[in-house]
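The structure appears below as structure tokens.
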Amino acid sequence: MFYLFLTKRFRFSGLVSLLITNIIVLIVLSAINFLASTALAEITRVEDIRIGLRDNSTRFVIDLNKKVSPNIFGLEDPYRIVIDLPQVEFFIPQNREKISGGHIKGLRYGFFTPGNGRLVIDLRGPIKVKNNFMIPPQDSKKWRLVFDFISTTREEFIETMGPRQRHIRDEYSHSKNLRKKINKRLPVIAIDAGHGGVDPGAIGVSGVNEKNLVLDYVKELDRQLRATNRIKTVLIRDDDTFVSLRNRMAKARGMNADLFLSLHANAHKDNTVRGFSAYTLSEKASDVEAQQLANKENKSDVIGGLNLGPYSDEVQNILIDFAQAKTNELSIIFARDILLKEASKSIILLKRPWRSAGFTVLKAPDVPSILIELGYITNKEEKNLLNNSEYKRKLCAVMKRAILKYFDLHFSKIKTP
Ligand SMILES: [Zn+2]
């Protein structure tokens, strides 16, 4: 899969092509090792899929390294079963997509939101799930998620399998409450106040510190979001402490954040420059100024005396390139199409308010991440506005509306497989 992706992107000819492809595959393999040992350590691996035939039932087995809480539902015309698995990666041998037998005609799998896997089983006719359960590891076997399908009528298929989602019975944890919680999970947003502790961030007019200003905004935004009862918030820091950029990202991922916002305030040598702006991740900066800002923000880890990571930019970029394409699409939708549109109604925006650059803090491969520059504290008027509590409430309300709108559109939206 990776090989195909890479050859599509890099078209060369003959030996050169072979050599370059080999080098890239090597880089990607070491990158995957890196991912497996760090970022993906807590993610569930789907390792194999098998079909077993019995008298009149078909057993469908998914091998996993961990227990999961899948959702299963059916769709008719044509008949298919959808199994959604939260926070998974697929490590299935390639020929498994061709498996069929009994009630099963074929199989497809992929991601329907970043990190959330979906298996679609194409059926030969309407079925009923006679049994479904998880078997814990035994001998050399891993966790197994088992379904037994038997034939049924169209009416019963529609009634029992869809359109509502059904949650699997888990033989090893009978906590109904837990299952309810998973079904009705609120979207999680991680809000990051930039800088902190030894790192003051930008210094503005009359000595105002970016780190203190953005913490005030994070607390106000948190208050407004909680009041909606529709979103769970996680604050990366809620006091004046230093957190490394990679730990900010790791904390967001650890809390299963669905969206990550990092709040900042900007500085410019030209004190007339002002306005609100939003940044998304890019390998290449959209302009010199965006790259300078990225360099400045990324220095935070150097200030904290931390190693920026053992891997070269080249490896990281290739890694990011394929793991991040989908996530980045969502980040751009939030920044450009929702947040800035909402902000433009009542807030002064920077010229070209959506920009992109290589911000370390935005590099979580599976969490849409946006860096927001609230305004320029080197512009006297804007600094005064940012310090004004009424403006703070107004600007946080803009961000809140954008966040709610984003989750309305992009959270738990089940696309027809
Ligand atoms: Zn900053």
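So the values come out like this:
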quantity	calculated
Selection count where residues are within 10 Å of the ligand (Cβ to nearest atom) and of a type in the set (A, V, I, L, M), scope the range 190-212	2
Top-ranked residue of the range 116-126 - restricted to ones that are of a type in the set (A, V, I, L, M, F, W, C) and surrounded by 19 or more Cβ atoms within 10 Å (Cβ to Cβ), ranked as modelled with the lowest pLDDT	L119
Any pair with Cβ under 8 angstrom, 6 or more apart, that starts in the range 259-275 at a residue that is of a type in the set (K, R) and ends at one that is assigned to a loop (DSSP other than H, G, I, E, B) and buried (at least 21 other Cβ atoms within 10 Å of the Cβ)	K269/T378; R274/N379
Verdict on N307 being within 14 Å of the ligand (Cβ to nearest atom), surrounded by fewer than 20 Cβ atoms within 10 Å (Cβ to Cβ), over 21 Å from L385 (Cβ atoms) and modelled with pLDDT under 95	no
Residue list for the range 382-407, restricted to those being without any contact (Cβ under 8 Å) to a residue 24 or more places away in the chain and either of a type in the set (A, V, I, L, M, F, W, C) or not assigned by TED's automatic domain parsing to the domain that holds V214 (or both)	L385
Sole residue being part of a loop (DSSP other than H, G, I, E, B) and surrounded by 14 or more Cβ atoms within 10 Å (Cβ to Cβ), chosen from V68, V146, V129	V68
Evaluation of G102 against (1) at pLDDT below 85; (2) at positive phi; (3) among the small types (G, A, S) (one fails), failing number	(1)
Unique residue being modelled with pLDDT of 80 or more and under 30 Å from R248 (Cα atoms) when the list is L107, L85, L40	L85
Any chance I231 is under 22 Å from H410 (Cβ atoms) and surrounded by 24 or more Cβ atoms within 10 Å (Cβ to Cβ)	no
Test: D222 is under 23 Å from N116 (Cβ atoms), assigned by TED's automatic domain parsing to the domain that holds N388 and away from the ligand (no atom under 15 Å from the Cβ)	no
Residue in the range 243-255 that is in contact with a His (Cβ under 7 Å, 6 or more places away or on another chain) and assigned by TED's automatic domain parsing to the domain that holds T378 present	no
Failed item in (1) out of contact with any strand residue (DSSP E or B) (no Cβ under 8 Å at 6 or more places or on another chain); (2) farther than 19 Å from P368 by Cα, with A250 passing the rest	(2)
Matching residues, the range 230-247, being more than 16 Å from the ligand (Cβ to nearest atom) and in contact with a strand residue (DSSP E or B) (Cβ under 9 Å, 6 or more places away or on another chain)	I231, K232, T233, V234, L235, D238, D239
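Table: residues versus (1) in a helix (DSSP H, G or I); (2) of a type in the set (V, I, T).
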{"position": "K326", "(1), (2)": "yes, no"}
{"position": "S331", "(1), (2)": "yes, no"}
{"position": "F334", "(1), (2)": "yes, no"}
{"position": "D337", "(1), (2)": "yes, no"}
{"position": "K341", "(1), (2)": "yes, no"}
{"position": "P353", "(1), (2)": "no, no"}
{"position": "S356", "(1), (2)": "no, no"}
{"position": "V361", "(1), (2)": "yes, yes"}
{"position": "A364", "(1), (2)": "no, no"}
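For (1) within 16 Å of the ligand (Cβ to nearest atom); (2) under 25 Å from I43 (Cβ atoms); (3) outside the structural domain of A190 (by TED's automatic domain parsing), each residue gets a yes or a no:
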site: A325; (1), (2), (3): no, yes, no
site: R355; (1), (2), (3): yes, no, no
site: L362; (1), (2), (3): yes, yes, no
site: L371; (1), (2), (3): yes, yes, no
site: K380; (1), (2), (3): no, no, no
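The values are calculated or read from the model by the stated rules, or taken from the named source; none is laboratory data. The structure displayed is predicted, hence computed values, not measured ones. Counting neighbours? That spans all protein chains shown, and the Cβs are built from the backbone with ideal geometry, glycine included.
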